[in-house]
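> Here's a structure for you.
The values are calculated or read from the model by the stated rules, or taken from the named source; none is laboratory data. Keep in mind the model is a prediction, meaning the values are calculated, not measured. Counting neighbours? That spans all protein chains shown, and the Cβs are built from the backbone with ideal geometry, glycine included. For accessibility, only protein heavy atoms count, side chains too; no ligands or nucleic acids. Shrake-Rupley method; radii C 1.70, N 1.55, O 1.52, S 1.80 Å.
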Amino acid sequence: MVVLLATSHTDEVELWRRLLEKRLPGVELRIYPAIGEPSDIEVALAWKAPHGLLATLPQLRMVCSLGMGVDHLLDDPTLPSGVVIARLVDSNMVEQMSEYALYGVLHFHRRFDVYERFQSEHRWQELPLPHTAARRVGVMGLGEIGADCARKIRSLGFPVSGWSRTPKSLPGIQCHTGKEGLNAFLADVEILLLLLPLTERTAGIIDARALGRMPHGSYLVNLARGGLVVESALLDALERDHLAGALLDVTAVEPLPPDHPLWTHPRVKITPHIAGLTNPLTAIEPIARNIERLMAKQPVTHAVDRERGY
Ligand SMILES: NC(=O)c1ccc[n+]([C@@H]2O[C@H](COP(=O)([O-])OP(=O)(O)OC[C@H]3O[C@@H](n4cnc5c(N)ncnc54)[C@H](OP(=O)(O)O)[C@@H]3O)[C@@H](O)[C@H]2O)c1
């Protein structure tokens, strides 16, 4: 079996080689752009591989995403149709994402956004502290990451609502579903966490209407994909003080262009897409297991439904 590694994180390729050769002896790893004979390659491990590359591999059977989102693969118009796409589900990454989500909730709930401003003004001033049990947190997307975040935030005492495509039943979480449930979900969410995949149906879902449904003075934390949010509508909601603040790990264009107004908005906090970082030391195991399943002609786990888009 020959496996191709094509990743924009070029500093990690030798680590991937060591890990793969140790975990799957006999499997040969080639590293893009040193592909060799394209028809040798049956599996590709990809993160932001150049569009068109996968279409040049005639014997390709499976693409393993090196990140939990697969929009970087599905937006390649030349992606071969018969190839299985497996997304990465790594519990280490889920933990990292939940840590970021918890940070975001506590940052706004405990008003560190305002205290940061006070410090810059050398201002010693106490603010009233909202009651945890009265501040509803909303989690959009209740998949591997969203469900973990919802559970952990609930365990701190916040009331939590969730929203997903199909109905869910999660202990202690008020679950809403589909388009019909979206308005009711947004209506009482004071801190909104985005954990949806970027698909045709979710692109731009946080637009002026959705933001308008959220209560006055609420907050947005986007740690999923920038394309979920209409950034002009977000800036407008902040300008009008409808939204009190936003923490963004992802933006529509990455890296965020230096002159983008989000960089300097006083109530926006930006991180450079670091909420969850793939760690080859933990990600190797689910990937190796899927390669073994493919070799044993068993169904791979976490296969992407292309129609659904995630
Ligand atoms: N910033 C970072 O560093 C970072 C790191 C890792 C992941 N991410 C992002 O996080 C996203 C979520 O990851 P995950 O592993 O939790 O995904 P997942 O397990 O596939 O879960 C996706 C969730 O979104 C829901 N959903 C999808 N389309 C929907 C729609 N049209 N309407 C309503 N709900 C919809 C799904 O509903 P059902 O449950 O009904 O299917 C599911 O609950 C990834 O796609 C990726 O973009 C970001």
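> Applying the selection to segment 168-178, what residues are open to solvent by 20 Å² or more (accessible area, probe 1.4 Å) and within 8 Å of the ligand (Cβ to nearest atom)?
Hits for segment 168-178 are LYS168, THR177.
> Related question: If you scan segment 54-64, which residues turn out to be surrounded by fewer than 24 Cβ atoms within 10 Å (Cβ to Cβ) and closer than 15 Å to ASN290 by Cβ? Explain how you work it out, then say what you get.
Step one: list which residues in segment 54-64 are surrounded by fewer than 24 Cβ atoms within 10 Å (Cβ to Cβ), which gives 54-62.
Answer for segment 54-64, where residues must be surrounded by fewer than 24 Cβ atoms within 10 Å (Cβ to Cβ) and closer than 15 Å to ASN290 by Cβ: LEU60, ARG61, MET62.
> Additional query: How many residues, within segment 127-163, are within 14 Å of the ligand (Cβ to nearest atom) and surrounded by fewer than 22 Cβ atoms within 10 Å (Cβ to Cβ)?
So the count comes out to 6.
> Tally the residues that are open to solvent by 30 Å² or more (accessible area, probe 1.4 Å), farther than 20 Å from VAL189 by Cβ and within 16 Å of the ligand (Cβ to nearest atom), restricting the search to segment 232-276.
Qualifying residue count, segment 232-276: 9.
> I'm trying to understand the selection: among the residues of segment 183-192, which are within 15 Å of the ligand (Cβ to nearest atom) and farther than 21 Å from ARG308 by Cβ?
Going residue by residue through segment 183-192, those that are within 15 Å of the ligand (Cβ to nearest atom) are 183-186, 189, 192.
Those that are within 15 Å of the ligand (Cβ to nearest atom) and farther than 21 Å from ARG308 by Cβ: ASN183, ALA184, LEU186, VAL189, LEU192.
> Does any residue in segment 101-115 that is under 13 Å from ALA244 (Cβ atoms) come within less than 9 Å, Cβ to Cβ, of a residue that is open to solvent by less than 60 Å² (accessible area, probe 1.4 Å) and modelled with pLDDT under 95 six or more places away or on a different chain, and which pairs are these?
HIS109/PRO130; ARG111/PRO130
> Another question, then. Give all pairs with beta carbons closer than 9 Å in which a residue from segment 64-75 that is within 18 Å of GLU285 (Cα to Cα) and in contact (Cβ under 8 Å) with a residue 60 or more places away in the chain meets a residue that is near the ligand (Cβ under 7 Å from one of its atoms) and among the hydroxyl-bearing types (Ser, Thr, Tyr); count only pairs at least 6 apart in sequence or on separate chains.
These pairs meet every condition: GLY69/TYR310.
> I need a count of the residues in segment 1-53 that are assigned to a loop (DSSP other than H, G, I, E, B) and open to solvent by less than 30 Å² (accessible area, probe 1.4 Å).
Adding up the residues that qualify gives 6.
> Just need a number here: residues in segment 277-310 that are at positive phi and away from the ligand (no atom under 13 Å from the Cβ). Spell out how you get there, then give the answer.
Step one: list which residues in segment 277-310 are at positive phi, which gives 297, 302, 309.
If we keep only those that are away from the ligand (no atom under 13 Å from the Cβ) as well, we get 297.
Adding up the residues that qualify gives 1.
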